[in-house]
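Enquirer: Could you have a look at this structure, given as structure tokens, before my questions?
The values are calculated or read from the model by the stated rules, or taken from the named source; none is laboratory data. Since this is a predicted model, take the numbers as computed values, not measurements. Cβ sites come from the backbone with ideal geometry, for glycine too, and all protein chains shown count toward neighbours.
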Amino acid sequence: MTLNIGVIGCGMIGRDHTRRIQQVLAGAQVVALSDVNAANAESVRQDLAPNARLYDTGEALIAAPEVQAVLVTSWGATHEPYVLAAIAAGKPVFCEKPLATTAAGARRIVDAEVAFGKRLVQVGFMRRYDAGYVALKAAVEQHTGTPILVHAAHRNPAVPEAYVTPMAIHDTLIHEIDVFRWLLNDDYVSARVLYPRNAARSHSKLRDPQVVVLETKKGVLIDVEIFVNCAYGYDIQCEVVGEDGTARLPEPMSIAMRLDAKRQSRILTDWKDRFVASYDVELQDFIGAAAQGRATGPSAWDGYAAAVTSDACVQAQESAGAAVAIELPARPSLYA
Ligand code: NAP
């Protein structure tokens, strides 16, 4: 069976996911496209999905009878209404992060899915599908003993001028927020944010770097350095310290060279290259589940938990180092 997918939002990631479905993955095809920027939709159709039908609105695409599953890859603020419409239509929906721009919006999606009675939503937290994180989780669960500490870093070479302090949480830390809940099978109870002096490459509206300290229900302390003007590369680091040993996220494959009297190997500079393979695996997972009318992987509940945690982290950014509590209500049994 070939799953017929409609894509809402034909910008950078919508185009890339369409390419995956059309050229890399098995079991699906893009049959419908929609974007408020009609030129973007037309360009994706021409380049990648010539048989796809263009729809004026995302709502019309979701309602179209030929569309069996939906990808929401539009601008973040538009995700919530599209995901709610897909749930109302009973169609599996893959939503790029964020699930919604507020915790209340994400909660509305959880409530709608629970009322529907079946999981239909997968959130685009692709790190759970990265081979390195999968191996790290296996090592933590099988070898290094009960986790006590996590030391992590998320470094970008540079960010656009419009990137300001809260975006370090919403756009950057959001991936760590999700992947550590999954890695540790745990939830957060508090967040703190600490700042050193501002880096010279930063500006007055961006505190950079910053250190977020998350504490979990099981008592694990996680420190994450976010440094988005680090200059040297795109670098994701993670080390878990357990009762019996430590486990470290593998570096991306890179040829070790001896050159000019130096030992050297390249560091990636573009985040797209770092997780390119995991995007393939996550979407193939979506296709497999959606073909059976259901969803798997990161859930609407995970999207909601990430939104609640993000809100607390942004509050902590403004709390002069004080801890901000993170409280999640009871998890509905749909997400057990
Ligand atoms: P982008 O290049 O700006 O593309 C977004 C597209 O959606 C644009 O074509 C935009 O039109 C269109 N759009 C805006 N409002 C819309 C609406 N109401 N209905 C339909 N289309 C609409 O952005 P992007 O980088 O692809 O990011 C899209 C989403 O994916 C964001 O939420 C982002 O956070 C997420 N993302 C996730 C990852 C990841 O690592 N998982 C990576 C990249 C992006 P205009 O051109 O007119 O604005």
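Enquirer: Check the stretch 17-26 and report whether any residue there is within 10 Å of the ligand (Cβ to nearest atom), within 17 Å of residue 287 (Cβ to Cβ) and in the same structural domain as residue 286 (by TED's automatic domain parsing).
Expert: As a first pass, look at the stretch 17-26 and keep what is within 10 Å of the ligand (Cβ to nearest atom): 17.
From the residues that got through so far, the ones that are within 17 Å of residue 287 (Cβ to Cβ) too are 17.
In the following step, the residues that additionally are in the same structural domain as residue 286 (by TED's automatic domain parsing) were identified as 17.
Checked against the condition, which is being within 10 Å of the ligand (Cβ to nearest atom), within 17 Å of residue 287 (Cβ to Cβ) and in the same structural domain as residue 286 (by TED's automatic domain parsing), the stretch 17-26 yields at least one hit.
Enquirer: Restricting attention to the stretch 276-307, report how many residues are crowded, with 22+ Cβ neighbours inside 10 Å, over 17 Å from residue 91 (Cβ atoms) and not hydroxyl-bearing (Ser, Thr, Tyr).
Expert: The total comes to 8.
Enquirer: Pull up the stretch 38-60, narrow it to residues that are within 14 Å of the ligand (Cβ to nearest atom) and small (Gly, Ala, Ser), then point me to the one that is surrounded by the fewest Cβ atoms within 10 Å (Cβ to Cβ).
Expert: Here the answer is 39.
Enquirer: For the stretch 61-98, which positions are within 14 Å of the ligand (Cβ to nearest atom) and more than 18 Å from residue 294 (Cα to Cα)?
Expert: Once the filter is applied, which keeps residues that are within 14 Å of the ligand (Cβ to nearest atom) and more than 18 Å from residue 294 (Cα to Cα), the stretch 61-98 yields 61, 73, 74, 75, 76, 77, 78, 79, 80, 81, 97, 98.
Enquirer: Checking the conditions here, which among 314, 281 is in the same structural domain as residue 84 (by TED's automatic domain parsing) and touching a helix residue (DSSP H, G or I) at 6+ places or on another chain (Cβ under 6 Å)?
Expert: 281
Enquirer: Is the stretch 142-159 home to any residue that is touching a helix residue (DSSP H, G or I) at 6+ places or on another chain (Cβ under 9 Å), under 27 Å from residue 231 (Cα atoms) and not in a strand (DSSP E or B)?
Expert: Among the residues of the stretch 142-159, at least one is touching a helix residue (DSSP H, G or I) at 6+ places or on another chain (Cβ under 9 Å), under 27 Å from residue 231 (Cα atoms) and not in a strand (DSSP E or B), which makes the answer yes.
Enquirer: If you don't mind, there's one more thing I want to ask. From the set of residues in the stretch 4-16 that are crowded, with 23+ Cβ neighbours inside 10 Å and more than 11 Å from the ligand (Cβ to nearest atom), which is farthest from residue 283 (Cα to Cα)? Steps first, please.
Expert: Taking the stretch 4-16 first, the residues crowded, with 23+ Cβ neighbours inside 10 Å are 5-10, 14.
Next, from what is left, pick out any that are more than 11 Å from the ligand (Cβ to nearest atom): 5-6.
Numbers: 5: 11, 6: 13 Å.
The qualifying residue farthest from residue 283 (Cα to Cα) is 6.
Enquirer: Now for a different question. Filter the stretch 27-37 for residues that are near the ligand (Cβ under 9 Å from one of its atoms) and touching a helix residue (DSSP H, G or I) at 6+ places or on another chain (Cβ under 7 Å); which is farthest from residue 63 (Cα to Cα)? So that I can check it myself, show each step before the final result.
Expert: Of the residues in the stretch 27-37, the ones near the ligand (Cβ under 9 Å from one of its atoms) are 34-37.
Applying the additional criterion that residues be touching a helix residue (DSSP H, G or I) at 6+ places or on another chain (Cβ under 7 Å) yields 34-35.
On the way: 34: 12, 35: 15 Å.
Step by step, filter the stretch 27-37, then rank; the result is 35.
Enquirer: Assuming residue 228 fulfils every condition listed in (1) in the same structural domain as residue 192 (by TED's automatic domain parsing); (2) at positive phi apart from one, which condition is it?
Expert: So residue 228 meets the others, but not (2).
Enquirer: Hey, among the residues in the stretch 114-129 that are within 16 Å of the ligand (Cβ to nearest atom) and not in a loop (DSSP other than H, G, I, E, B), which one's surrounded by the fewest Cβ atoms within 10 Å (Cβ to Cβ)? Walk me through how you get there before you give the answer.
Expert: Looking only at the stretch 114-129, we keep the residues that are within 16 Å of the ligand (Cβ to nearest atom), and these are 121-129.
Add one more test, that the residue is not in a loop (DSSP other than H, G, I, E, B), and what stays is 121-123, 126-129.
Values: 121: 27, 122: 27, 123: 30, 126: 24, 127: 23, 128: 22, 129: 20.
Looking at residues that are within 16 Å of the ligand (Cβ to nearest atom) and not in a loop (DSSP other than H, G, I, E, B), I get 129.
Enquirer: If you don't mind, another one. Go through the stretch 175-228 and give me each residue that's charged (D, E, K, R), out of contact with any Ser or Thr (no Cβ under 6 Å at 6 or more places or on another chain) and in a loop (DSSP other than H, G, I, E, B).
Expert: At the first step, the residues of the stretch 175-228 found to be charged (D, E, K, R) are 176, 178, 181, 186-187, 192, 197, 201, 205, 207-208, 215, 217-218, 223, 225.
Filter again for out of contact with any Ser or Thr (no Cβ under 6 Å at 6 or more places or on another chain), leaving 176, 178, 181, 187, 192, 197, 201, 205, 217-218, 223, 225.
Selection gives 187, 197, 201, 205, 217, 218.
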